[in-house]
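Just so you know, all these numbers are worked out from the coordinates, no wet-lab data involved. It should be emphasised that the depicted structure is a prediction, and the values quoted were computed from it without experimental measurement. Cβ placement follows ideal geometry from the backbone for every residue including glycine, while neighbour counts extend to all protein chains displayed.
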Amino acid sequence: MKNKNWLKIILDCIMAILLILMYNKRVISMSFHEVGGLFVCGLFIIHTFINWKWIKGVTSKLFSKQLPLKTKISWIINFLLLLCTLFIALSGIMISKTIFTSIGTSSMFFKIGHQVIPAYMLILIGLHVGLHWTFIKGMFKKIINLPEALTKPLGLLCMIILLLLGSYNMATSSFAKWMAMPFQISTMSKSGQGEKGNRPEGEHNENMPSKDSIKEDIYRQDGKHSKGDIPTNMADGKGSMPSQGGMTSTFSVGQLINVLYTYSTIMSVWAIIAYWISKLLHQLHNKNKISS
């Protein structure tokens, strides 16, 4: 059982690192992005099979009042993660530039979805980590057993730093743009229907992104070249430009570290939120248990 728990943690760490690297298709190469993406999806399926006993047990009791709320939330998050993984794998295959070029499509549904869904998936992974943080912390305590007088203030300081860095990176990277994309398209569609016939052809609301600008953002990979998403050599105007069949770029260790830093801190924000909500739910559960 102990070895199985460590296998889960190691597998989760590998998945998290590889997944974060997928948030910039230029960090290594397009081929790495596509192969690595499918590999991450495969690891997630293995992760699901490892936890199959838990999934099966919880599914059979999902609507039972005896099942703790935290367990139900955890099941929902895992289910949503599975759906996200399947969509990302499918959309990645459909818009492939290097591997599945024969079945590739130019569908904007898959192109937009392949940017939007991973953004929400990062939130779900953060929530998943936060809900299981007590277990993870307990496993590492067996290796590094620091005094509680040191771990409590140090842990609180780390949380504050991660919240500040993660919030900043959410605002300055492409993460916020990816999350907002469905709402921009929805607002644009409603506005277009409501104002159809009331504006001269070619005019549009200046405060609202046009369909062409959203498409341009997708084809350029990152509209405003936000922090954490464009290799430094390209930002300086010296890098390679998109070429037919994919993206050629010079590998940069600095860029790789930057991507890992940017999206791991964003994920940490949601993990911290989930951890404190989980702690609150646990306290409420104990209080209700005592009162009853």
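Assorted remarks:
- Ellipsoid semi-axes in whole angstrom, largest first, where each is sqrt(5λ) of the Cα gyration tensor of the range 26-115: 33, 14, 10
- Taking a sphere under 13 Å around the Cβ of residue 105 and counting the other residues whose Cβ falls inside, with K and R at +1 and D and E at -1, yields a net charge of +2.
- Total charge dipole magnitude, the range 83-193, about the Cα centre, Cβ charges on Lys, Arg, Asp, Glu only, Debye to nearest 20: 40 debye
- Neighbour-count order for 266, 257, 28, fewest beta carbons within 10 angstrom listed first: 257, 28, 266
- Net charge over other residues, Cβ less than 14 angstrom from the Cβ of residue 48 (K, R count +1; D, E count -1): +2
- Relative contact order for the range 1-155, counting Cα pairs under 8 Å that sit 6 or more residues apart, in percent: 20 percent
- Packing-based exposure ordering (other Cβ within 10 Å, fewest first) of 56, 137, 70: 56, 137, 70
- The residue 152 and residue 172 beta-carbon pair, evaluated with R₀ = 35 Å, returns a calculated FRET efficiency of approximately 0.70.
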